[in-house]
1. Along the charge dipole of the chain, which of T47, P89, V147 sits closest to the positive end, that is, farthest toward it, with unit charges on the beta carbon of Lys, Arg, Asp and Glu (+1, +1, -1, -1)?
2. For the chain, which span is the longest to avoid every loop-located (per DSSP) member of trypsin sites (Lys or Arg not before Pro) having at most 15 other Cβ atoms inside 10 Å?
3. Mean-square fluctuation check for the chain, GNM, Cα pairs under 10 Å: which of M141, M154, M36 is largest?
4. Restricting to DSSP loop positions (anything but H, G, I, E, B) with no more than 10 other Cβ atoms inside 10 Å of their own Cβ, which GluC sites (Glu not before Pro) remain in region 58-155?
5. Among the listed pairs K80/K158; K56/K161; K126/K161, which are separated by more than 25 Å between their Cα atoms?
6. In whole percent, and with a 1.4 Å probe on the protein chains, what portion of the accessible area of the chain is carbon and sulfur?
7. Using a simple spin-label model with points 7 Å from Cα along the Cα→Cβ vector, what separation in nm is obtained for A94 and L188?
8. Working out 0.36 nm times the residue gap between E197 and T146, then minus their Cα-Cα distance, what length gain in nm do you get to one decimal?
Amino acid sequence: MGSFTPSLDRLIEQFAKLPSVGKKSAQRLAFHILSMTDAEANAFTETISKARSSIKRCEICCNLTDTKVCNICSSQSRDKSVICVVEDPRDVIAIERTHEYNGLYHVLHGAISPMNDINPEDICIKELLHRLNDDVREIIMATNPTVEGEATSMYISKLIKPLGVRVSRLAYGVPVGADLEYADEFTLIRAMEGRKEL
Ligand code: ZN
């Protein structure tokens with residue numbers, strides 16, 4: 001880059017650092033910011049810094065929240081005997097969207113990956129272990145169906161099972177609309193394991 005005036009070049013560079021923003025889009029966004037009114041631009045920067053300073057991890061489930069304890073953990077209507085363990089806050093949103101689950105969550109913020117030097121202590125596993133009390137009867141492992149997600153699921157279930165808590169794994173099936181023949185072996189095995197009686 002370096003084709004505009006320095007401040008504009010820097011703005012474009014910042015946008016280009018965002019995920020899935022290419023050079024062209026970065027330019028478009030930077031020019032858009034310049035075309036905003038002062039009030040609009042201030043509201044934008046304020047929203048960014050407010051979000052950064054006020055969003056933190058829930059003391060209980062580690063999901064992102066504006067308050068000490070998140071909405072789900074503080075809700076009286078959730079089933080506190082089940083905890084669904086996910087890798088990312090976005091997974092919580094996805095499961096909530098189904099309206100099929102009424103238990104609690106635990107967000108790990110990643111998965112164990114020795115290749116990338118991510119060890120068990122780097123994700124929120126000990127926070128999960130702290131939550132296990134007499135009320136908790138089942139842990140649903142809903143980590144991603146990847147090598148890392150599977151390894152994380154295995155690791156956690158080995159820690160929890162001896163404590164007498166039931167551990168289950170989300171059954172990943174063949175995606176709706178996909179042909180069975182294109183599903184990889186792993187997906188098919190999972191789908192087979194997770195089959196339900198009709
Ligand atoms: Zn929470």
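The values are calculated or read from the model by the stated rules, or taken from the named source; none is laboratory data. What you see is a predicted model, and the numbers here were worked out from it, not measured in a lab. Glycine also receives a Cβ, built like all others from the backbone with ideal geometry; neighbour counts cover every protein chain displayed. Ligands, DNA and RNA are stripped out before the accessible areas are found, and what is left, the full protein with its side chains, is counted by its heavy atoms. Shrake-Rupley method; radii C 1.70, N 1.55, O 1.52, S 1.80 Å.
1. The listed residue farthest towards the positive side: T47.
2. Working: sites that count: K17, K68, R137, R195, K196.
Between exposed loop sites, the widest span is 69-136.
3. The residue that fluctuates most here is M36.
4. Values: sites: E59, E87, E96, E100, E121, E127, E138, E148, E150; in loops: E59, E87, E100.
Passing both the DSSP loop test and the Cβ count: E100.
5. Working: K80/K158 22 Å; K56/K161 30 Å; K126/K161 15 Å.
K56/K161, as the Cα separations exceed 25 Å there.
6. 55
7. So the label points at A94 and L188 sit 2.3 nm apart.
8. Answer, rounded to one decimal: 15.7 nm.
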